[in-house]
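A short worksheet on the structure shown next.
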Amino acid sequence: MAEALLADEPDEKTQAIVNAARETFLSRGFDSASMDQIALTAGVSKRTVYNRFRSKEELFGATITETCKNLLPVNVDDIEASLPPDEVIRKLAAQFLRGILEPDALALRRIAAFEAARTPAIGQAYLEHGPYSMAKMCAPILARLAARGAFSIDNPEQAIWRLGALLTEPLHTCMLMGETPADLDAAIDAQVDQAVAAFKRMYAPAGPAAAD
C-alpha cells in the first residue's frame, strides 16, 4: 500500500542528522551549509554523518523525503476503505496541497530551483525524492480507485501528474513568489474543489461508476 513505499523509519542518529540538515539548509542555503555544521547541530561526529550520507546532495534528498512524509495521511488504506472515491481524492489532495504550501516546503523548493542550474545533482535529488517519489507512491491509489469503477485511467502515474498540475497551480507558484492569499484556507479549499472537479471530468468512467 501507499505508506509501504515510504522509506523505513531512520534510527535516532540518522533522524537527528536529517533534522539538522533541514535546519541548516533552511537557515544557510545549500551552498553555505557544511557537513561540519550539520554534524555539530545534530550532535554527532562528521564521520557519523558520512557513514550515513555520502554527500551533501544525498543529505538534501533525505530532507525532501522527510518533507514528503507529511504530504499523505499515514492511514491511506483506512481512508480508501471508508470513503467514496471522490472523497478519497479530495482528502488526499487537500493534505498534499497544504503540505507543499508549508513555509519549509516552499523554502526547500526555492533552494532546489536556485541551485539546480549550477549543481544539477540538487535538482535531480529534489525530483527523485520529491515529485518522482510521490507520483510512484500515489499512482497505485488511483489504480485501485479506477478498479472500483470511479475513474477511467489507463496510465495512473500520468494521471497523478495531471492531478498534481490541476491541484497546485496557480496557488503554488504565487506562494513561491511570496504572494500569499489573505485567506489561505479558503484558497486551498477552492483550489482543491476545482482540481477534483476537473480531474473527474478528465477521467470520467464510460459507464455508471461502481456503487462502492
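In table form, for the structure just shown:
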quantity: Residue list for the range 84-104, restricted to those being within 30 Å of D31 (Cα to Cα) and among the basic types (K, R); calculated: R98
quantity: When residues of the range 45-83 are limited to those that are among the aliphatic types (A, V, I, L, M) and not in a loop (DSSP other than H, G, I, E, B), the one farthest from G29 (Cα to Cα); calculated: A81
quantity: Scan of the range 165-192 for residues that are part of a helix (DSSP H, G or I), free of Cβ contacts under 8 Å to residues at least 40 places away in the same chain and either in contact with an Asp or Glu (Cβ under 6 Å, 6 or more places away or on another chain) or farther than 19 Å from A107 by Cβ (or both), ordered by number; calculated: A165, L166, D185, A186, A187, A190
quantity: Residue match in the range 134-147 (condition: over 18 Å from K91 (Cα atoms) and surrounded by 17 or more Cβ atoms within 10 Å (Cβ to Cβ)); calculated: no
quantity: Residue check for A116: at pLDDT 95 or above, surrounded by 15 or more Cβ atoms within 10 Å (Cβ to Cβ) and not aromatic (F, W, Y); calculated: no
quantity: In the range 84-102, the residues that are under 23 Å from P10 (Cβ atoms) and either in a helix (DSSP H, G or I) or without any contact (Cβ under 8 Å) to a residue 24 or more places away in the chain (or both); calculated: Q95, F96, G99, I100
quantity: Pair list, Cβ < 7 Å and 6+ apart or interchain, from the range 30-58 residues that are more than 17 Å from N19 (Cβ to Cβ) and surrounded by 14 or more Cβ atoms within 10 Å (Cβ to Cβ) to residues that are among the small types (G, A, S) and at pLDDT below 95; calculated: E57/A121; E57/A125
quantity: Selection status of F30, modelled with pLDDT of 95 or more and either part of a helix (DSSP H, G or I) or under 21 Å from the mean Cα position of the chain (by Cα) (or both); calculated: no
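The values are calculated or read from the model by the stated rules, or taken from the named source; none is laboratory data. What you are looking at is a predicted structure, and each value in this text was computed from that prediction instead of being measured. In this analysis, Cβ positions are derived from the backbone assuming ideal geometry, glycine residues included, and neighbour counts consider all displayed protein chains.
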